[in-house]
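The values are calculated or read from the model by the stated rules, or taken from the named source; none is laboratory data. For clarity, every value in this text was computed on a predicted model and none was experimentally measured. Here the Cβ positions follow ideal geometry from the backbone for every residue, glycine too, while neighbour counts run over all protein chains shown.
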Number of protein chains: 2
Amino acid sequence: MPPSLPTAPPVVAALAGGVGAARMLQGLVQVVPAAGITAIVNTGDDTVLHGLHISPDLDTVLYTLAGAVNPETGWGLAGETWHVMEALERLGGATWFRLGDRDLATHCYRTQRLGEGAPLHQVTAELARSWGVGVRILPVTDAPLRTRLQLLGGPEVAFQEYFVRLRHEVAVSEVRFEGAGEATPAPGVLAALEEAAVVVVCPSNPVVSIGPLLAVPGLADCLARRRDDVVAVSPIVAGSAIKGPADRLLSELGHEPSVVGVARWYARWAGTLVIDRADAARVAEVEAEGVRCVVTDTVMGTPGRSAALARVVVDAAR
Amino acid sequence: MPPSLPTAPPVVAALAGGVGAARMLQGLVQVVPAAGITAIVNTGDDTVLHGLHISPDLDTVLYTLAGAVNPETGWGLAGETWHVMEALERLGGATWFRLGDRDLATHCYRTQRLGEGAPLHQVTAELARSWGVGVRILPVTDAPLRTRLQLLGGPEVAFQEYFVRLRHEVAVSEVRFEGAGEATPAPGVLAALEEAAVVVVCPSNPVVSIGPLLAVPGLADCLARRRDDVVAVSPIVAGSAIKGPADRLLSELGHEPSVVGVARWYARWAGTLVIDRADAARVAEVEAEGVRCVVTDTVMGTPGRSAALARVVVDAAR
């Protein structure tokens, strides 16, 4: 049975990475009907491990919207058990990428369905329905898309190798999105971007979370046409990433790790940038990049703060 | 690190399926040094589910020899938990093939290593070492080998589809071993058969457990050359299989489901057939097939009975 289509016209389309995006979406569902929201999610982090197809960002968004995410980490499931990993460790298997027992069921389901020929967007819709999530969650593409990072003076590695195994403690000289050139947007992606009243760029890593989305042919042009309605939230606050290596990656790739650097990076297709009060002194510099600037509290420590930010973001485009 | 080679010359090579074979091997290790035993195990039952490479017979032999098998079923692990399956069930995933959490770790390990390019015999040796099993466990081949059953008046299905999903309650008109023609014996298989003092054919299903082994080019001829030293144990007792559908399969394929039918089936390459006391009246008929017949207790309800049977089997060839 195909998943049911959203009943309301799209109100918000959101470009999403992992934890930061999931919290933004958790805010958006408090101010916009879930059926009016489409999350377009990065799959450049996807990996195959133990033969299982793992989609970390899709799952973080899914588990968060299902209210099932581990509140301490922002990813994985609350109350998770680790029997498979513990046994795999005893076998001397690869356990650097920790997979909880219930989380593994998601990967088993996805891998089996993909193997049966179901495209990723359909499998994702099935999972969302099982979890009772009303937001439409779309992978940016059904095609293989793999973020690869050239380490400074080292080899090129896959995203999870960099992010989890090396704990993003190494310098990067180049990032590329393997398969992006041949990828097409998943069904519904471009329509959601074209029809939404607001396109929200969640406070995700500009390089390795939003970057892969824009690398899929058609996305950036579509956003550029909607520029006035595109509202991005800066993942950089006072020169630092809230979580992860966004600040260092921007810097390593020759960009300023600040709200100004983010404005410059997004200026072609984002008309508005929402920045934190900590960066209020830089509004003029952001606007000098041709980007309207809105100042508010952007750090989402609680669902209430996520909702308050979501309200500002949705209103910013109106 | 490659697994260490057995230190003693091979004493016993055993052709093995699943539960019955594992119990026979559990007996053999009580009467022969483990390092002198090579188990050559059926892989025709192997399947890929959820992207995971599952080798049921290899695992049953492994878990049994590790003393970790579930004593109630004869397969799977004792004290197993089912968190992944329970979560997969909630997702509406395929749960007809029950995989315990710790068992899943084995499949994750195997799939990852195969994906890295390690051949199945090497992965199996690694697992055996992790479990502290001294018997050398070899898959009959590293190549894909898949038992396929033509259902009477129905479709052709894969082995696990027949055995687990349909609970072998359907009639079969034909059995074939896909990939057997192109398969070569795994390294060590032919040498073990040639050098062992005794070749034991465990009381496994002649059609779908021993059948795939013999379908691998070279195996049957090698056994035929060793015919005087090949001792088979009948899996049929008083016209019935101890476990599983061996009796029905023999019958459906036009063979007598009895010790005489087994003798006829094995006569070309097995010089001796060990049968249960329940079939003592049929010794002359077995010997009329040109097969020496040994009568003993063959039902292995306890490790002690397995050891007693193993003693008879090893002595039968001496």
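A few notes on this one:
- Among (1) surrounded by 15 or more Cβ atoms within 10 Å (Cβ to Cβ); (2) in a loop (DSSP other than H, G, I, E, B) - the single one A:GLY301 does not satisfy: (1)
- Checking B:SER209 against (1) touching a Cys at 6+ places or on another chain (Cβ under 7 Å); (2) within 18 Å of B:GLU252 (Cβ to Cβ); (3) not aromatic (Phe, Trp, Tyr), the condition it does not meet: (1)
- Some residue of the stretch B:158-171 being more than 14 Å from every other protein chain (Cβ to nearest Cβ), in contact with a Leu (Cβ under 6 Å, 6 or more places away or on another chain) and not in a helix (DSSP H, G or I): yes
- Residue list for the stretch B:215-245, restricted to those being of a type in the set (A, V, I, L, M) and either without any contact (Cβ under 8 Å) to a residue 40 or more places away in the chain or closer than 21 Å to B:VAL312 by Cβ (or both): B:LEU223, B:VAL230, B:VAL231, B:ALA232, B:VAL233, B:ILE236, B:VAL237, B:ALA238, B:ALA241, B:ILE242
- Matching residues, the stretch B:307-318, being touching a residue at least 60 places away in the same chain (Cβ under 8 Å) and under 20 Å from B:ALA196 (Cα atoms): B:ALA307, B:LEU309, B:ALA310, B:ARG311, B:VAL313, B:VAL314, B:ALA316, B:ALA317, B:ARG318
- Test: residue in the stretch B:246-256 that is acidic (Asp, Glu), in contact (Cβ under 8 Å) with a residue 24 or more places away in the chain and more than 27 Å from B:GLY74 (Cα to Cα): no
- Residue count for the stretch A:193-206, restricted to those that are surrounded by fewer than 19 Cβ atoms within 10 Å (Cβ to Cβ) and in a helix (DSSP H, G or I): 2
- If the condition is being of a type in the set (S, T, N, Q) and within 17 Å of A:GLY244 (Cα to Cα), then the stretch A:19-42 contributes only A:ASN42.
- Residues that are among the polar types (S, T, N, Q) and within 26 Å of B:GLN150 (Cβ to Cβ) were ranked within the stretch B:237-294; the one that is surrounded by the fewest Cβ atoms within 10 Å (Cβ to Cβ) is B:SER240.
- Criterion (closer than 12 Å to A:VAL201 by Cα and at pLDDT 95 or above) met by exactly one of A:GLY27, A:GLY17: A:GLY17
- The residues of the stretch B:37-52 that are among the small types (Gly, Ala, Ser) and out of contact with any Pro (no Cβ under 6 Å at 6 or more places or on another chain), listed by number, are B:ALA39, B:GLY51.
- Among (1) at pLDDT below 95; (2) more than 9 Å from chain A (Cβ to nearest Cβ); (3) on the phi < 0 side of the Ramachandran plot - the single one B:THR124 does not satisfy: (1)
- Among the residues here, B:PRO303 qualifies as within 26 Å of B:ALA66 (Cα to Cα) and assigned by TED's automatic domain parsing to the domain that holds B:PRO71.
- Within the stretch A:131-150, one or more residues are within 9 Å of another protein chain (Cβ to nearest Cβ), within 22 Å of the chain's Cα centre (by Cα), closer than 21 Å to B:GLY92 by Cβ and not charged (D, E, K, R).
Okay, residues lined up against (1) at pLDDT 95 or above; (2) farther than 15 Å from B:PRO303 by Cβ:
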{"position": "B:ALA34", "(1), (2)": "yes, no"}
{"position": "B:ILE37", "(1), (2)": "yes, yes"}
{"position": "B:THR43", "(1), (2)": "yes, yes"}
{"position": "B:LEU49", "(1), (2)": "yes, yes"}
{"position": "B:GLY74", "(1), (2)": "no, no"}
{"position": "B:ALA87", "(1), (2)": "yes, yes"}
{"position": "B:ARG90", "(1), (2)": "yes, yes"}
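- Helices (runs of 4 or more DSSP H) lying entirely in the stretch A:238-290 (those with 3 or more residues that are within 20 Å of the chain's Cα centre (by Cα)): A:246-252, A:259-266
- Close contacts from the stretch A:137-165, counting a first residue that is of a type in the set (Val, Ile, Thr) and a second that is surrounded by fewer than 17 Cβ atoms within 10 Å (Cβ to Cβ) and in a helix (DSSP H, G or I), with Cβ to Cβ under 9 Å and a gap of 6+ residues or different chains, come to A:VAL157/A:ARG165.
- Some residue of the stretch A:141-155 being assigned to a loop (DSSP other than H, G, I, E, B), surrounded by 17 or more Cβ atoms within 10 Å (Cβ to Cβ) and of a type outside the set (Gly, Ala, Ser): yes
- Strands (runs of 3 or more DSSP E) within the stretch A:1-116 that include 1 or more residues closer than 29 Å to A:LEU166 by Cα, within 14 Å of another protein chain (Cβ to nearest Cβ) and touching a residue at least 40 places away in the same chain (Cβ under 8 Å): A:47-49, A:52-54
- Flag for A:SER209 being surrounded by 23 or more Cβ atoms within 10 Å (Cβ to Cβ) and assigned to a helix (DSSP H, G or I): yes
- Restricting attention to the stretch A:40-67, the residues that are over 14 Å from A:ALA105 (Cα atoms), surrounded by fewer than 24 Cβ atoms within 10 Å (Cβ to Cβ) and of a type in the set (Gly, Ala, Ser) add up to 2.
- Matching residues in the stretch B:255-292 - criterion: being in contact with a helix residue (DSSP H, G or I) (Cβ under 6 Å, 6 or more places away or on another chain) and hydroxyl-bearing (Ser, Thr, Tyr): B:THR272
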